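The values are calculated or read from the model by the stated rules, or taken from the named source; none is laboratory data. What you are looking at is a predicted structure, and each value in this text was computed from that prediction instead of being measured. Glycine also receives a Cβ, built like all others from the backbone with ideal geometry; neighbour counts cover every protein chain displayed. Heavy atoms of the whole protein, side chains included, go into the accessibility calculation; ligands, DNA and RNA do not. Shrake-Rupley method; radii C 1.70, N 1.55, O 1.52, S 1.80 Å.
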Amino acid sequence: MCPSNGSGVPFGGFLRVQAKEVKGCVGHFPIGRGLTLKIVIDFAMMRRDDLQKGEFFLGKKKWKVGVTDILLLLVNGIFFVGMRTFLAPCGQQADGHWMVCHWAGEALAGVSAVLFIIAVLHAAVPRAHIKAGLALASIPVSVLAILLPGHLIDLCMMETMRCHTVMQPGVTAISAVTIALLLVDLYRYRKGD
């Protein structure tokens, strides 16, 4: 059921998609120019009155990226890249075995990826309630990042090793900054849209 006259494609019985940007269709779902992701994000941004009217057209809302959005993206991007570069734990031993802190670094790489994805979603979604929910989800993940190296997963025995001198303090600092930004963000969005 692809549109040819620009009238729109019914989506889920109540959501209509403008056909201007549609290059083709697969079944009932339009494709082209990242439209599928935009449908998911716009569906999450719908208000109750949009559902009651029976239609919701894409491109209706302006997306604003705030200062906290940019700072969260920057800090979590540094964390994500840093876990593979300058914040990485001790390297491989000469005999080919990994140091014990390697597994803390692998876990932190996964945590940093989750925080970065949440930061991207936080910047992409304009609704205050959704931003607050993403901020609330990021706080325990950031606390987990603080607790992983040395508390939940052991680090090397010598206190002078890279995992103790670089990785653990760096992760703690980045996670503390992330938590502070998230608390500021929650305060900013405390009253909704």
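Just a few scattered comments:
- Within the stretch 107-125, restricting attention to residues that are within 16 Å of Val65 (Cβ to Cβ) and not aliphatic (A, V, I, L, M), the residue that is modelled with the lowest pLDDT is His122.
- Pairing each residue of the stretch 147-174 that is without any contact (Cβ under 8 Å) to a residue 40 or more places away in the chain with any residue that is among the polar types (S, T, N, Q) and open to solvent by 40 Å² or more (accessible area, probe 1.4 Å), provided the two are 6+ apart or on different chains, yields no C-beta distance under 6 Å.
- Residue match in the stretch 119-127 (condition: open to solvent by 40 Å² or more (accessible area, probe 1.4 Å), in contact (Cβ under 8 Å) with a residue 12 or more places away in the chain, more than 22 Å from His151 (Cβ to Cβ) and not in a loop (DSSP other than H, G, I, E, B)): yes
- Hits in the stretch 136-174 (condition: surrounded by 15 or more Cβ atoms within 10 Å (Cβ to Cβ), assigned to a loop (DSSP other than H, G, I, E, B) and within 27 Å of the chain's Cα centre (by Cα)): Leu148, Gly150
- The one condition from (1) small (Gly, Ala, Ser); (2) at pLDDT 95 or above; (3) farther than 30 Å from Arg188 by Cα that Gly91 does not meet is (2).
- A count restricted to the stretch 175-193 and to residues that are farther than 16 Å from Gly66 by Cα and in a helix (DSSP H, G or I) stands at 4.
- The stretch 48-76: number of residues that are in a helix (DSSP H, G or I), modelled with pLDDT of 50 or more and open to solvent by 60 Å² or more (accessible area, probe 1.4 Å): 6
- Phe79 in contact (Cβ under 8 Å) with a residue 12 or more places away in the chain, under 22 Å from Ala173 (Cβ atoms) and surrounded by fewer than 16 Cβ atoms within 10 Å (Cβ to Cβ): no
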